[in-house]
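The values are calculated or read from the model by the stated rules, or taken from the named source; none is laboratory data. What you see is a predicted model; the values in this text were computed from it and never measured. A quick note on method: Cβ atoms are made from the backbone with ideal geometry, for glycine too, and the neighbour counts reach across all protein chains shown. Note: areas computed on protein heavy atoms with side chains; ligands, DNA, RNA excluded. Shrake-Rupley method; radii C 1.70, N 1.55, O 1.52, S 1.80 Å.
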Amino acid sequence: MAKNKCKYLFVTGGVLSGVGKGITAASMGAILKAKGYHVTMQKCDPYLNVDAGLLNPVEHGECYVTHDGVETDLDLGHYERFLDFETSKYSITLSGGIYKELIEKERAGGFHGKTVQLVPHFTNLVMEKIEKASAGSDVHIVEIGGTVGDYEGLPFIEAIRLFANKVGRRNCLYLSVVYVPFINTSKELKTKPAQNALKDLRGFGIIPDIVCVRTEKPCPRAICEKIAAFSGISGDAVVNLPDINSVYDVPLNIMKSGVLEILNDFMHDEKKPDMSRWVEFSKHRNTEYDKTVKVGLVAKYVGNDDTYICVTEALKAAAAWNEVNLDLRWINAEEVADEKLAEMDGLVVPGGFGIRGMEGKIKAATYALENDKPYLGLCLGLQMACVAAARRGGLKNAGSEEFLQSEDYKKPKDFKNVIYIMPGQEGKESTGGTMRLGDYDAKLKRGTLTQKIYGKEKVVERHRHRYEVNQKFLPEIAKGGVVVSGTSPDGKLVEFVEAPDCKFFVATQAHPEFKSHPLNVHPLFYNFIKSLK
Ligand code: GLN
């Protein structure tokens, strides 16, 4: 039996993916945290990608970056938002990464000529990763991506089954999220797919301790009882989690479902979770306020809400705590027009890559500077603000070296690389994991709006960029209305800018949205929304 006292909660999904397995896992984490435990989380995803850095944001949603600089998928963002904590490189395990490590070890002779196999080598390495990720915590939650029964996910399922042998079954809690569809023609809820999914899971040696039944509308208790009876699980352990307005109500909903008793048994305590902040947040979010603020998000990918999920979640939470309604409008960066910008109370220009839409973002920043329209620039949003200011300051052909990557771009004769490639990053434009990633310190200039917003001079934010401000052009940028309000501690990199003549014009080279949590909103987002009131 293992010596560490950590307990493990494994979350799997059946029937289909995309029915809230990640939110359920994160909500369980929020409840356990509210019971006073130190909780960590980990996602095991069966993709053959080594990390998420090169995944297309339209297909996969936003690329999330951990404090220690790993590019992951957006589930880790949910975990951080629900637990108000920081994940790390140990919080994501992709098949591609496991295979890579195994093959590299094999190539280096590390297996001494032995046959390398999915079981035990892949499964052992997964178990090692789970143990490492759980170091120092009371409860470690592991979500297995995909659906039980997928070929590619099987080694992970086997690993979490074996894990119980390692640490003791009583230290493991298995939770399965299944979907029960409503068939409109017969007006019936159908449990068969859920029964089959649980049968599959049983076939792999796992009988879940909790089954969460996802339905569109609340389902009769008999449905849960039926699933329980057919799956050999106690009726109390099968709970219904119907769709609700906001994912942030899921922890409160789970609290009402009877899961708490199972958690109490598992943890051997009766501690009541302190959910008061969740209740408060829910109240704020569900209130219709007199005042509505209209925020224009000037973005390239307007088809998929998930692409900028951290930004939109940060704005929504900031509005709730500011007690205003948020009217979030997408502005296609390729179709920016002054009339559209004028309708907005404030503008946000989020991060982005590639030339498409860049001119639109420059236009948005120019409009904000000229019309004192509140502006929040995030990463590319800072770069485009500096280009806009440099052009206003007289450099008509100011641009970013990122433009030059595009074959369609006709470089003007006197092109001024106001945004240039960071030394050491040349030639790495399409490779994975080569950007300036993760936490970096910045020092803020005393007396600037940026510094007042943070309330301190030394800040740490997460980054994901390859280009930066070319400080040679700071005089022109300043002439155009934008000044530096924060730099890297050595002064070499511009980290924050602002426009002293505007009410609220702040931009950062970082991605503060990664660190904004609903119960702990990032001050830049909070103050941006506040400036619109
Ligand atoms: N494309 C820009 C860069 O690489 C901005 C990146 C971003 O917005 N995350 O520096």
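With the simple spin-label model, which puts each label point 7 Å out from Cα in the Cβ direction, the Arg169 to Gln471 separation comes to 6.3 nm. Anything over 26 Å Cα to Cα? Flag those among Lys452/Lys533; Lys226/Lys272; Lys43/Lys361; Lys21/Lys192; Lys226/Lys283, in the order listed. Long pairs (Cα-Cα over 26 Å): Lys226/Lys272; Lys43/Lys361; Lys226/Lys283. Taking amide H atoms as placed 1.01 Å from N in the peptide plane, the amide H of Gly13 lies under 5 Å from those of Val148, Val177, each 5 or more residues away in sequence or on another chain. Highest-first packing order for the peptide set 337-344, 98-105, 515-522 is 515-522, 98-105, 337-344, based on the mean count of other beta carbon atoms within 10 Å. Karplus-derived 3J(HN,Hα) values for the stretch 262-278, using 6.51 cos²θ - 1.76 cosθ + 1.60 with θ = phi - 60°, are 5, 4, 4, 4, 4, 8, 6, 8, 10, 4, 7, x, 8, 9, 4, 5, 5 Hz; glycine and proline are entered as x. Near the amide H of Tyr409, within less than 5 Å, lie no amide hydrogens of residues on another chain or at least 5 residues away, with H placed in the peptide plane. Within the same chain, lysines fewer than 8 places from Lys458 are excluded, and of the rest, those with a Cα less than 21 Å from its Cα are Lys443, Lys445, Lys492, Lys515.
His121 contributes an accessible area of around 30 Å² to the protein surface, as traced by a 1.4 Å probe with all chains present. With θ taken as phi - 60° and the Karplus curve 6.51 cos²θ - 1.76 cosθ + 1.60 applied, the whole-hertz 3J(HN,Hα) list for the stretch 67-77 is 4, 8, x, 9, 8, 10, 8, 6, 4, 5, x Hz, x standing for glycine and proline. Per-residue Karplus couplings for the stretch 476-492, computed as 6.51 cos²θ - 1.76 cosθ + 1.60 with θ equal to phi - 60°, are listed in order as 5, 4, 5, 4, x, x, 10, 10, 7, 10, x, 9, 5, x, 7, x, 7 Hz, Gly and Pro entered as x. Tyr454 contributes about 30 Å² of solvent-accessible surface, heavy atoms of the protein only, 1.4 Å probe.
A cut-off of 5 Å between modelled amide H atoms, ignoring neighbours fewer than 5 places along the same chain, links Leu241 with Val213, Arg214, Thr215. Net length available on complete extension from Lys187 to Ser488 is 102.2 nm, with 0.36 nm assigned per residue and the Cα-Cα distance removed. The lysines within cross-link reach of Lys5, meaning a Cα-to-Cα straight distance under 20 Å and a gap of 8 or more places when in the same chain, are Lys33, Lys35, Lys129, Lys132, Lys166, Lys271. Between Asp305 and Glu323, the modelled label-to-label distance comes to 2.7 nm, taking each label 7 Å out from Cα in the direction of the beta carbon.
To the nearest 10, the accessible area of Val302 is 50 Å² with a 1.4 Å probe. Once the Cα-Cα distance is subtracted from the 0.36 nm per residue extended length, the Lys256 to Glu359 segment shows a gain of 32.1 nm. The protection proxy used here, the mean number of other Cβ atoms lying within 10 Å of each residue, ranks peptides 184-194, 322-332, 25-35, 363-373 as follows, highest first: 25-35, 363-373, 322-332, 184-194.
Going by accessible surface with a 1.4 Å probe and the largest first, Val50, Val349 read Val50, Val349. The alpha carbon gyration tensor of the stretch 469-533 gives principal lengths a ≥ b ≥ c with a/c of 1.5 or higher and a/b no greater than b/c, which makes the shape oblate. Rounded to the nearest 20 debye, what is the charge dipole size of the stretch 295-377 about its Cα centre when +1 sits on each Lys and Arg Cβ and -1 on each Asp and Glu Cβ? Using only the charged Cβ atoms, the result is roughly 260 debye. The helix-based estimate of mean residue ellipticity at 222 nm for the chain, built from -39,500 (n - 2.57) per DSSP H run of four or more residues and divided by its residue count, is -10000 deg cm²/dmol to the nearest 500.
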